[in-house]
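Written below as structure tokens is the structure these notes are about.
Nothing in this text is a laboratory measurement; each read-out follows from the coordinates by a stated rule. Computed from a predicted model, the values in this text were never measured in an experiment. Neighbour counts are summed over all protein chains in view; Cβ atoms, including those assigned to glycine, are modelled from backbone coordinates with ideal geometry.
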């Protein structure tokens, strides 16, 4: 996603571990709700998100999956490197 | 042009200086009066897209090592280029850098034909005996036109192949050719063009690696020339207009979002809180 890739405008855009360079944001800035997950509190993406969590994405995404699995309790779901659907241009 | 494979392959790489594209955009300001973009505290750097072109040249040198030398000559244009920044190109493996300082005769932001005109004349000036290959990035990180490589090829009257993910040079009966893997929507094309040619390089080749500081110090002894427009007065005109358009206005897009930071006792709990908050928002 970005200037050299796809331009998208979904209802929900989740930027996992994406720093938020100008090149990347050009491809997604029309998204309705933007969520940023990054372990760097200074990542530019956080300035362009509606909701953000600062932390290790493996854990944060696993927590999201806990809730989506139904009960908000720790479940078997664990995020692994390679699960991401987007990448920096 | 040199068809003799015992002679060095003469490669030119266009390298541009830009404001760091990874800088927080909140620091960037558009100035509609002067048609410039400035960045408070934002350091200039060599364009990452240009660094892909330089990397392609370095890879080509490795590939050709057994057969012939590869001369890498970096060229660039822009207002008041920083000598120190371009040392990195020399430290990375370029043999020479020639820059045209356009401070006294600026090119309109994003005017690709005007940029290609200056580059074409710079190439002719610094390589009066010819050259084999010009490599450019696929676009500029600041202007984002992606048109200069093709315009440069037109003005130099040579073939252009765009969006190379890999390239190599081969001898054929008719002379040397460049073979290019070209990025396509769902795969790649293999294209071949006679040299001399222009190839624009995509980011799949990677950036030229960061070099040790000691190499940067050594690079200070290497040739780095900064020319001014008057130095090109003697070169043949490209026939392109010096300016093809006027920039009449620019404005910043309002991309501000108010960010709500979601926290938890640990990262996993923060992730759960984030998911619950998203469900609330969409309820």
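Annotation: the antiparallel percentage among DSSP beta bridges lying fully within the protein assembly as shown is about 40. When DSSP beta bridges are restricted to pairs lying wholly in chain B, around 45% turn out antiparallel. Peptide A:54-66 has a mean of 6 when you count, residue by residue, the C-beta atoms of other protein chains within 10 Å of its C-beta. Annotation: the residues B:213, B:109, sorted from fewest to most other C-beta atoms within 10 Å of their own C-beta, follow the order B:213, B:109.
Rounded to the nearest 0.05, what FRET efficiency is calculated for residue B:210 and residue B:280 with R0 set to 35 Å and r the Cβ-Cβ distance? Don't skip to the answer; put the middle values down first.
Details: r = 44 Å, r/R0 = 1.27.
E(calc), rounded to 0.05, equals 0.20.
Between B:85, B:133, B:261, the residue with the greatest mean-square fluctuation in the GNM of chain B (Cα pairs under 10 Å linked by springs) is B:261. Between B:62, B:170, B:260, the Gaussian network model of chain B with springs among Cα atoms under 10 angstrom shows the greatest mean-square fluctuation at B:260.
With a 10 Å cut-off around each Cβ of B:16-24, the average count of Cβ atoms from other chains is 3. Counted over region B:23-114, the DSSP beta bridges are approximately 40% antiparallel. Put in line by how crowded their Cβ is, counting other Cβ atoms within 10 Å and starting with the fewest, A:33, B:282 read B:282, A:33.
Please arrange B:51, A:68 by how many other C-beta atoms lie within 10 Å of their C-beta, fewest to most.
Numbers: B:51 26, A:68 14.
Final ranking by Cβ density, sparse to dense: A:68, B:51.
Between B:100, B:27, B:119, the Gaussian network model of chain B with springs among Cα atoms under 10 angstrom shows the greatest mean-square fluctuation at B:27. Helices in the protein assembly as shown, meaning DSSP H runs of at least 4 residues, each add -39500 (n - 2.57). Divided by all residues, the mean residue ellipticity at 222 nm is -7500 deg cm²/dmol. Averaged over the residues of peptide A:39-52, the number of Cβ atoms from other protein chains lying within 10 Å of each residue's Cβ is 4.
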